[in-house]
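Reading through the structure tokens given below for one structure.
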Protein chains: 2
Amino acid sequence: MRPLGLNALRARRLGLLTHDEAVAFIRSDSDVSKSEGLSSYGRLKLQCDGATVYASLYQVTSDLIDHDEIGLSEYAWTKLGLTGPQAVTVSSAPPLQSMTHVRAKMFGEELGTDAAAEIVRDIVAGRFSDIQLSSFVAACASPVLTAAETIAVTKAMVETGTRLVWPAGRIYDKHCIGGLPGNRTTPIVVAIVTCFGLTMPKTSSRAITSPAGTADTMETLTNVALDMAAMRRVVETTGGCFVWGDSVGFSPADTSVIRIERALNLDVDGLLVASVLSKKIAAGATHVVIDMPVGPTAKMRNPAAAARLSDLFRQVAAAFGLEVRTVITDGRQPVGRGIGPALEAMDILAVLDTWPDELSDLADKSCLLAGAVLEMAGLCAEGSGADLAGSALRDGRARRKFDEICAAQGGSGSPPQAQFTRPVRATRSGRVASLDNRMIARIAKLAGAPEDASAGVRLAVRLGDRVRQGDTLFTLVSGTPGKITYAMEYVSENPSVIEISR
Amino acid sequence: MRPLGLNALRARRLGLLTHDEAVAFIRSDSDVSKSEGLSSYGRLKLQCDGATVYASLYQVTSDLIDHDEIGLSEYAWTKLGLTGPQAVTVSSAPPLQSMTHVRAKMFGEELGTDAAAEIVRDIVAGRFSDIQLSSFVAACASPVLTAAETIAVTKAMVETGTRLVWPAGRIYDKHCIGGLPGNRTTPIVVAIVTCFGLTMPKTSSRAITSPAGTADTMETLTNVALDMAAMRRVVETTGGCFVWGDSVGFSPADTSVIRIERALNLDVDGLLVASVLSKKIAAGATHVVIDMPVGPTAKMRNPAAAARLSDLFRQVAAAFGLEVRTVITDGRQPVGRGIGPALEAMDILAVLDTWPDELSDLADKSCLLAGAVLEMAGLCAEGSGADLAGSALRDGRARRKFDEICAAQGGSGSPPQAQFTRPVRATRSGRVASLDNRMIARIAKLAGAPEDASAGVRLAVRLGDRVRQGDTLFTLVSGTPGKITYAMEYVSENPSVIEISR
């Protein structure tokens, strides 16, 4: 009955995507289930050859799983380092001690440095179930994290991840708090500020819920998957880089926390600040410019909320000797014309080449942010940074720098062009009264972005533009005709994506 | 490619136990996944023949699920009313509007009657994911639910369930807030108070995490699965009943909330009060006695916490015209000697028959609680209820009443006897300094309770008893020798289950 030994089951890979929650499936009538008194949603401790994983249990009553098997999600499989049907030892997980701190925080106690460290360590070790993680996020929302508590969480997030050390000197970085489609200023900012001899070793993410991340966009132009040594070489030669940073392992607790915040549609300022700053500190930055778009369908809905968040950013950054400057920007509509990896890359190249009128918003915003960096660096007077940045853009220095960095990263390609397009036209004449950032992002994803790098949306209008009935508002772009159909269905069901007033 | 129609998948029953969260499995490379832009942990709206279910999605990359299939947990399968591989229409679930109220509550707004009603309705409809439910529970803990907010939640819980109406007159009930193994006073209390012509239509639960619920215990003596009509007949004839009430459908939101509280190891007073009182109100009670055991390993750890909870019980009950009396009892150790369905049933019969010395705690406590009911009914002076209750126990009236109710419920059996026993002996001489309620409950479950009704633990000692090395502390009882082995392993790993001081 027990060829595998007491409380051991044979591992089976289920190919189940569960992000960073390990999930296990066991027969409810298995000996282990009965002897351990397990029940669904219980927490298990799984062990194999020295590796340990904490997993949430689903019990199975069908023959989906054999009596001597344990079905494992991809995360559990990988964390246990399994390669085949090895024996996994199963026991009930002991109570999670750091939940004591989560409960204390809910009941009004201050979250101290040690408590935050214990919680974050347990999150990184995968000891928190999603239900427990959700209570942690809620506890950070109420009572709302103070600056001191945010500092404690930031410190814990830095300490659980890898950390880059650069040779002495200032290291610049930029970050956007997100939510705005097409807001691909980063590559332009890096190209500009490095023209002035500043160092900006920029790591960026791929899209999680958006139609493109900076890494997705830059991947259509060069190689972004550099290891640490290659990244250092590029930065030493050129002053900058455009590297996919997710795999570097800065602030690993962050991913889990963000996923839960998204599921709750809950933005906790303290967690946002801890998330951003922990990654910047880990990346070795000393000076950071933060782009904070404000608009009705952006992350920050109003200026007062943005001011509170700015203040928290400054207080927490100061505790780590980090200088932060937040720039409130217009978040009422997407930036640039293209939304989707290749379409955004084309916008970037166009701005670097000719600064066309129709992309003045992307060019101006890039100069504003690059200018803030130049001002922090003391290279010009306050208020004149954007002009100085603009000069490097206009005279082609930024374009040459951009090419230099791409070449150093091992290649430069040109963005793929999609075969299929379909215009979406105005059903009446009037003035463009609003563009919904979230709906536009959704449409670009339905068209296939970011998996299909060529897919997305190309906007033909901006806020305030006059249009006549039949004019193109935007064009759907995709490598697959079926995707265009899906995206069109969504467009017809959601006419408020672009509103036209008389 | 789409024989099932747009966004439709063929249902497949996975036999997956997920309590009251619906869970669905879809191939990540299926057309529906791609067209709807789904990702793991997203929320789905599933529809089939007019039935709708909201489910949490896991994406699958293996051939566990076919491209045109949707794997469903038992809860999802049942809620959709499926019988075979029918077509299920899949779409992304719209954002959950009532989460707005959860977030507002976190941010300090009072939870009003309408908001509570919307939240509880959505919980009952299965629209909350576990992650969202967890945030609701956390929001109720911080800022802690006020009496007014608890009233709002109680009202919402009553309104979403079924409700019993009795002919005019007082309806008595009792409830224990739980956590004490062997605390099986209910059947004795019902037998006593109905002797005095009072009405106590008692519904009880089966064990969820404990080794026995009152329904499990009474099932070893009579039929407890009565429908509403049968229950009414029994109560009309005898004044009382011992019925399994879970399937009656009082306060259905309660089950989900309790499950999450358990996963968080978080007791929220307001949710406990709403849970208990909503079920009492739904059952038609007008007068309720609440047993509140206090002890280091009981649910209430200290008298101050118990006093606060009592106060909240009274305030909320008053809002519904319900009279509540809380009785603080000794929760330092289990009550009676048997722990497990049949063992507890034997204790009950022994108390009803002969009031043996070794069961004086169970007998005294039953009289105390029954006495509180008799005092509320005005049948005796305050402080003399226990004596009056004791008289009915001593002269055999309670036993006859008990038999009468059992017979009216359609049968009386005798509790099953387990074949296998193993004594656990004192490893030193001294005085019994503590008994750990939680560990003792765990041991009884490892021995097989409650599935094996005969299994459990029989205590041989109580707090303060003098023992000599080698004396039996308790006996493991089971129908399966293997279970005794499991339980013994746990006992040897946890010597603090019963501590002996010199």
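The values are calculated or read from the model by the stated rules, or taken from the named source; none is laboratory data. What you are looking at is a predicted structure, and each value in this text was computed from that prediction instead of being measured. Here Cβ is always computed from backbone atoms with ideal geometry, including for glycine, and neighbour counts include all displayed protein chains.
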Open item on the list: Considering only residues that are among the hydrophobic types (A, V, I, L, M, F, W, C), closer than 23 Å to B:G182 by Cβ and under 20 Å from the mean Cα position of the chain (by Cα), which ones fall in segment B:308-347?
Closed with: B:L309, B:V327, B:I328, B:V335, B:I339, B:A342, B:L343, B:A345
Task: From the options A:P211, A:P252, residue that is in contact (Cβ under 8 Å) with a residue 40 or more places away in the chain and either among the hydrophobic types (A, V, I, L, M, F, W, C) or more than 14 Å from chain B (Cβ to nearest Cβ) (or both) - done: A:P252
Task: Residues being under 30 Å from B:G479 (Cβ atoms), assigned to a helix (DSSP H, G or I) and hydrophobic (A, V, I, L, M, F, W, C) - total across segment B:330-385 - done: 12
- [ ] Filter segment B:272-327 down to residues that are on the phi > 0 side of the Ramachandran plot and free of Cβ contacts under 8 Å to residues at least 24 places away in the same chain, then give me how many there are.
- [x] 0
Task: Condition check for B:E109: in a loop (DSSP other than H, G, I, E, B), at pLDDT 95 or above and not assigned by TED's automatic domain parsing to the domain that holds B:D20 - done: yes
Open item on the list: Pairs please, first residue from segment B:436-452 and facing chain A (nearest Cβ under 8 Å), second anywhere and part of a loop (DSSP other than H, G, I, E, B) and crowded, with 23+ Cβ neighbours inside 10 Å, Cβ atoms under 7 Å, 6+ apart in sequence or on different chains.
Closed with: B:K445/B:P211
- [ ] For segment A:290-312, state whether one or more residues are touching a Phe, Trp or Tyr at 6+ places or on another chain (Cβ under 8 Å) and either outside the structural domain of A:L145 (by TED's automatic domain parsing) or closer than 30 Å to B:A93 by Cα (or both).
- [x] yes
Task: Check on A:G108, within 14 Å of another protein chain (Cβ to nearest Cβ), loosely packed, with under 15 Cβ neighbours inside 10 Å and more than 30 Å from the chain's Cα centre (by Cα) - done: yes
Open item on the list: So in segment A:92-105, with the set limited to residues that are among the small types (G, A, S) and not in a helix (DSSP H, G or I), which one is surrounded by the fewest Cβ atoms within 10 Å (Cβ to Cβ)?
Closed with: A:S92
Open item on the list: Go through (1) in the same structural domain as A:P211 (by TED's automatic domain parsing); (2) touching a residue at least 40 places away in the same chain (Cβ under 8 Å) for A:D403 and report which single condition fails.
Closed with: (2)
TODO: Look through segment A:53-96, keep the residues that are over 27 Å from the mean Cα position of the chain (by Cα) and without any contact (Cβ under 8 Å) to a residue 24 or more places away in the chain, and return whichever of them is farthest from the other protein chains (Cβ to nearest Cβ).
DONE: A:T83
Task: Selection from segment A:115-170 of residues that are more than 14 Å from chain B (Cβ to nearest Cβ), within 23 Å of A:E323 (Cα to Cα) and not in a helix (DSSP H, G or I) - done: A:T146, A:T160, A:G161, A:T162, A:R163, A:L164, A:V165, A:W166, A:P167, A:A168, A:G169, A:R170
- [ ] All but one of (1) charged (D, E, K, R); (2) assigned to a loop (DSSP other than H, G, I, E, B); (3) within 28 Å of B:G178 (Cβ to Cβ) hold for B:R428, so report the exception by its number.
- [x] (3)
Task: Odd one out for A:A398 among (1) outside any helix (DSSP H, G or I); (2) closer than 27 Å to A:L322 by Cβ; (3) of a type in the set (A, V, I, L, M) - done: (1)
TODO: Give A:L198, A:L164 a once-over and let me know the one that is aliphatic (A, V, I, L, M) and surrounded by fewer than 21 Cβ atoms within 10 Å (Cβ to Cβ).
DONE: A:L164
Task: Selection count where residues are over 27 Å from A:D254 (Cα atoms) and either part of a strand (DSSP E or B) or within 8 Å of chain B (Cβ to nearest Cβ) (or both), scope segment A:6-24 - done: 5
Task: Yes/no for B:T100 being within 14 Å of another protein chain (Cβ to nearest Cβ) and of a type in the set (S, T, N, Q) - done: yes
Open item on the list: in a helix (DSSP H, G or I), in the same structural domain as B:R12 (by TED's automatic domain parsing), touching a Gly at 6+ places or on another chain (Cβ under 9 Å) and surrounded by fewer than 24 Cβ atoms within 10 Å (Cβ to Cβ): which single residue out of B:Y75, B:Y54 fits that description?
Closed with: B:Y75
TODO: Give A:L277, A:L264, A:L271 a once-over and let me know the one that is more than 29 Å from A:A318 (Cβ to Cβ) and touching a helix residue (DSSP H, G or I) at 6+ places or on another chain (Cβ under 8 Å).
DONE: A:L264
Task: Count - residues of segment A:188-213 that are modelled with pLDDT of 95 or more and either within 22 Å of A:K445 (Cα to Cα) or assigned to a loop (DSSP other than H, G, I, E, B) (or both) - done: 4
